[in-house]
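S.K.: Structure provided below as structure tokens; questions to follow.
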Amino acid sequence: MNRRGRLVLGVLGAAVVGVLLWEGYKAVGDPDGTVLFGTRVLPRTDDAAMPHVWTILSRFGEPELAGGHPIWLVVLQACLFTLRSVAIGFVAGGLVGLLLAVLMQRLRVVERGLLPYVILSQTVPLIALAPVIAGWGGRLSIGTYPWQPWMSVTVIAMYLAFFPVAVGMLRGLQSPAPIAEELMRSYAAGWWQTLVKLRLPASTPYLFPALRLAAAAAVVGAVVGEISMGTRGGVGRLVIEYSREATTDPAKVFTAMIGAAALGLAVAGVVGLSEFLVGRRRVRA
Amino acid sequence: MTAVVLEGVSKVFNAGRAGEVTALTGVDLTVASGEFVSLIGPSGCGKSTLLRLVGDLIQPSAGTVTVAGKPARTARADQEYGIAFQQAGLFDWRTVQRNVELPLELRGASRKERAERAREMLELVGLAEFAGHYPAQLSGGMQQRVAIARALAVHPPLLLMDEPFGALDEMTRERLQDELLRICASTGTSTIFVTHSIPEAVYLSDRVVVMSARPGRITDVVPIDLGERGETTRQSPGFFTGITKVRKALRGDAMPLVSA
Ligand SMILES: Nc1ncnc2c1ncn2[C@@H]1O[C@H](COP(=O)(O)OP(=O)(O)OP(=O)(O)O)[C@@H](O)[C@H]1O
Ligand SMILES: [Mg+2]
């Protein structure tokens, strides 16, 4: 109860601070932005660059185009569309990460051979990768079911999500003390039993931080993937579309951005909730 | 039938590399079935190493280790022994009860059987009311007792115990010594027991194996004959004679006793 109250207060407080910063800067900042040595270090504050918070919020209630659906509905639908890619990418990425971690823990050779590639995989810029994946996807089909653009987005989300899980879980699986491993050996426990009874439970403190990173990475991957591939239906697409109208309807693009941020928060919330539920069953002194 | 036979066993850690340590050299030791043998000696003389060799947790550099008439490796696969390490080594995500159940679980015991046996063992070590606690909520001595309960839970034919009572208060220690002797006698369990306490070694053992360090080796074996242990054993002259003998052996024969 106390904990929940503090959480709600924290969320509200953060929102209030955000609004105050936004409006405060808008009130005192130079409308043309601050330029130092020829570089703009602070953004412009006029209504075209930084609409008032209430303008943005009221924009949610107005129709997207004259006579169309209200924008909150459009953004919500786009977020749900993107959520599918995020969710599947997160789960699949988590499983791939877990599998890689188990493999690397099991075989030193694999760890030595694979880990550099796992790390290398994350240094490839997403913007460069997205078109390649979209291109491959275009030539694939799942049985008779043709490859859909959102699947490419899912693959990118997965590609980013597997990494923190693989690295975090590898550390977690390697975390048991030698004495615990000797104990399992003394019971003549096999590799599988040792994994299930010792390594996996010992790695839960590493699992949830990894999952939180993976969730954030999946959202970023999906949204950026949609933006760079222009996938129809997702919130990333809305960001591009609305930003083209920035001169005539500056508040619009911010509604899409708030939608993307809310998506990230919702996914982080789900991970946090599951951690809370798992943690509640276990006392930690 | 012998429980454990070590023949010409040596153990060198990091052989041929920097930090080479000869932990044990030329160890010959036979533990008869049902016999209680204590290992005593200065810190670093290889007592824990000897236990690990018997448990096939490390391999000897030379010599052979036979447990229950089989190579140590086979004996481990057949789960011929239970071990309690110098540190408790509990799983901190399991309750006390589930920690004790772990070896039973791995042997495929039924849920009911596991719970019963764990209860019984926790009662024995005086921790029944802590069954639902987590290891982090217990004191060091209590954790050690859980580890003892865990080692005893499967009633192994051979018990390997590494300073199991080190962290306990004197009263609990004496009570657990008696319980351990009772269990070993009633189930015919053979025991190798590491301790730093001379009275403890003498009270518990049929034989006390005295070791010395650098390199680790057996220097003496002191037979103890106290008969049935009881209330009066700790005050008996035989007990004090045993203590004197072991102390003398620990000092080395070259050094004469100044006084008794
Ligand atoms: N895994 C290891 N790697 C390298 N050296 C080791 C290892 N284990 C033990 N040793 C060395 O072997 C020697 C014997 O160690 P051991 O733990 O058997 O001593 P001990 O008699 O149990 O001592 P204590 O009474 O302090 O527990 C020590 O010199 C120690 O440094
Ligand atoms: Mg030791």
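The values are calculated or read from the model by the stated rules, or taken from the named source; none is laboratory data. Everything quoted here is computed from the prediction, not taken from an experiment. Counting neighbours? That spans all protein chains shown, and the Cβs are built from the backbone with ideal geometry, glycine included. Keep in mind that these areas ignore ligands, DNA and RNA; they rest on the heavy atoms of the full protein, side chains included. Shrake-Rupley method; radii C 1.70, N 1.55, O 1.52, S 1.80 Å.
S.K.: For segment A:140-148, does any single residue satisfy the condition of being in a helix (DSSP H, G or I) and among the aromatic types (Phe, Trp, Tyr)?
M.R.: no
S.K.: Also, quick follow-up: Need pairs with beta-carbon distance below 6 Å; first residue free of Cβ contacts under 8 Å to residues at least 60 places away in the same chain and within segment B:225-238, second of a type in the set (Lys, Arg); sequence gap 6+ or separate chains.
M.R.: Here the result reads none, with nothing in segment B:225-238 linked to a residue that is of a type in the set (Lys, Arg).
S.K.: Exactly one of (1) within 16 Å of ligand 1 (Cβ to nearest atom); (2) in contact (Cβ under 8 Å) with a residue 12 or more places away in the chain; (3) outside the structural domain of B:Gly140 (by TED's automatic domain parsing); (4) closer than 23 Å to B:Cys184 by Cβ is unmet by B:Arg52. Its number?
M.R.: Looking at each condition in turn, B:Arg52 falls short on (2).
S.K.: When segment B:105-121 is examined, which residues are found to be open to solvent by less than 60 Å² (accessible area, probe 1.4 Å) and either under 24 Å from the mean Cα position of the chain (by Cα) or within 22 Å of B:Arg76 (Cβ to Cβ) (or both)?
M.R.: Answer for segment B:105-121, where residues must be open to solvent by less than 60 Å² (accessible area, probe 1.4 Å) and either under 24 Å from the mean Cα position of the chain (by Cα) or within 22 Å of B:Arg76 (Cβ to Cβ) (or both): B:Glu105, B:Leu106, B:Ala109, B:Arg114, B:Arg117, B:Ala118, B:Met121.
S.K.: What number of residues within segment B:132-184 satisfy the criterion of being in contact (Cβ under 8 Å) with a residue 60 or more places away in the chain and of a type in the set (Phe, Trp, Tyr)?
M.R.: 0
Residue by residue, here is whether (1) of a type outside the set (A, V, I, L, M, F, W, C); (2) within 16 Å of B:Glu163 (Cβ to Cβ); (3) within 16 Å of ligand 1 (Cβ to nearest atom) holds:
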site: B:Ser186; (1), (2), (3): yes, no, no
site: B:Ser190; (1), (2), (3): yes, no, no
site: B:Val194; (1), (2), (3): no, yes, yes
site: B:Val208; (1), (2), (3): no, yes, yes
site: B:Met211; (1), (2), (3): no, yes, yes
site: B:Arg214; (1), (2), (3): yes, no, yes
site: B:Thr219; (1), (2), (3): yes, no, yes
site: B:Ile224; (1), (2), (3): no, no, no
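S.K.: Let me ask something else. Residues to consider are B:Leu102, B:Leu160; find the one that is at pLDDT 90 or above, surrounded by 15 or more Cβ atoms within 10 Å (Cβ to Cβ) and within 16 Å of ligand 2 (Cβ to nearest atom).
M.R.: Selected residue: B:Leu160, the only one of B:Leu102, B:Leu160 that is at pLDDT 90 or above, surrounded by 15 or more Cβ atoms within 10 Å (Cβ to Cβ) and within 16 Å of ligand 2 (Cβ to nearest atom).
S.K.: Pairs, please: C-beta under 7 Å, at least 6 apart or cross-chain, first residue among the aliphatic types (A, V, I, L, M) and in segment A:65-78, second assigned to a loop (DSSP other than H, G, I, E, B)?
M.R.: Qualifying pairs under 7 Å: A:Ile71/A:Glu62; A:Ile71/A:Glu64; A:Val74/A:Glu64; A:Ala78/A:Gly233; A:Ala78/A:Gly234.
S.K.: Something else: List every residue pair whose Cβ atoms lie under 7 Å apart, where the two residues are 6 or more positions apart in sequence or sit on different chains, the first residue falls within segment B:63-89 and is of a type in the set (Val, Ile, Thr), and the second residue, located anywhere, is open to solvent by 40 Å² or more (accessible area, probe 1.4 Å) and not in a loop (DSSP other than H, G, I, E, B).
M.R.: Going by the 7 Å Cβ cut-off, the qualifying pairs are B:Thr64/B:Glu7.
S.K.: Still on this structure: Out of segment B:203-214, which residues are away from ligand 2 (no atom under 16 Å from the Cβ) and touching a residue at least 40 places away in the same chain (Cβ under 8 Å)?
M.R.: B:Leu204, B:Ser205, B:Asp206, B:Arg207, B:Val208
S.K.: Can you tell me which condition B:Gly166 does not meet? The list is (1) under 16 Å from B:Phe85 (Cβ atoms); (2) within 14 Å of chain A (Cβ to nearest Cβ); (3) not in a helix (DSSP H, G or I), and all the others hold.
M.R.: Unmet condition: (2).
S.K.: Quick one: in segment B:66-96, of everything that is in contact with an Asp or Glu (Cβ under 7 Å, 6 or more places away or on another chain) and within 16 Å of ligand 1 (Cβ to nearest atom), which residue is nearest to B:Leu152 (Cα to Cα)?
M.R.: Per the criteria, the residue is B:Ala84.
S.K.: State the number of residues belonging to segment B:186-202 that are surrounded by fewer than 22 Cβ atoms within 10 Å (Cβ to Cβ) and more than 19 Å from B:Ile83 (Cβ to Cβ).
M.R.: 4
Yes/no per residue for (1) open to solvent by 40 Å² or more (accessible area, probe 1.4 Å); (2) of a type in the set (A, V, I, L, M); (3) more than 28 Å from A:Gly230 (Cβ to Cβ):
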site	(1), (2), (3)
A:Ile71	no, yes, no
A:Val102	no, yes, yes
A:Val124	yes, yes, no
A:Leu140	yes, yes, no
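S.K.: Where in segment A:178-285 are the helices (runs of 4 or more DSSP H), entirely inside, with at least 3 residues that are within 14 Å of chain B (Cβ to nearest Cβ) and open to solvent by 60 Å² or more (accessible area, probe 1.4 Å)?
M.R.: Because the criterion is at least 3 residues that are within 14 Å of chain B (Cβ to nearest Cβ) and open to solvent by 60 Å² or more (accessible area, probe 1.4 Å), the helices (runs of 4 or more DSSP H) in segment A:178-285 that meet it are A:178-186, A:191-194.
S.K.: Ok, one more. Looking only at segment B:1-21, count how many residues are within 16 Å of ligand 2 (Cβ to nearest atom) and either more than 14 Å from chain A (Cβ to nearest Cβ) or open to solvent by less than 30 Å² (accessible area, probe 1.4 Å) (or both).
M.R.: Result for segment B:1-21: 2.
S.K.: Can you pull out every residue in segment A:7-23 that is surrounded by fewer than 11 Cβ atoms within 10 Å (Cβ to Cβ) and within 15 Å of A:His52 (Cβ to Cβ)?
M.R.: A:Leu21 - this is the single residue of segment A:7-23 that is surrounded by fewer than 11 Cβ atoms within 10 Å (Cβ to Cβ) and within 15 Å of A:His52 (Cβ to Cβ).
S.K.: Which residues, counting only those in segment B:163-185, are open to solvent by 10 Å² or more (accessible area, probe 1.4 Å) and either within 16 Å of ligand 2 (Cβ to nearest atom) or of a type outside the set (A, V, I, L, M, F, W, C) (or both)?
M.R.: B:Glu163, B:Gly166, B:Ala167, B:Asp169, B:Glu170, B:Thr172, B:Arg173, B:Glu174, B:Arg175, B:Asp178, B:Glu179, B:Arg182
S.K.: So, in segment B:152-163, exactly how many residues are more than 16 Å from ligand 1 (Cβ to nearest atom) and within 10 Å of the chain's Cα centre (by Cα)?
M.R.: Residues flagged as more than 16 Å from ligand 1 (Cβ to nearest atom) and within 10 Å of the chain's Cα centre (by Cα) within segment B:152-163 amount to 2.
S.K.: Shifting gears a bit: When residues of segment B:197-237 are filtered for being in contact with a Lys or Arg (Cβ under 7 Å, 6 or more places away or on another chain) and part of a helix (DSSP H, G or I), how many remain?
M.R.: Total satisfying the criteria: 2.
S.K.: For B:Ala75, state whether it is out of contact with any helix residue (DSSP H, G or I) (no Cβ under 7 Å at 6 or more places or on another chain), within 14 Å of chain A (Cβ to nearest Cβ) and away from ligand 2 (no atom under 16 Å from the Cβ).
M.R.: yes
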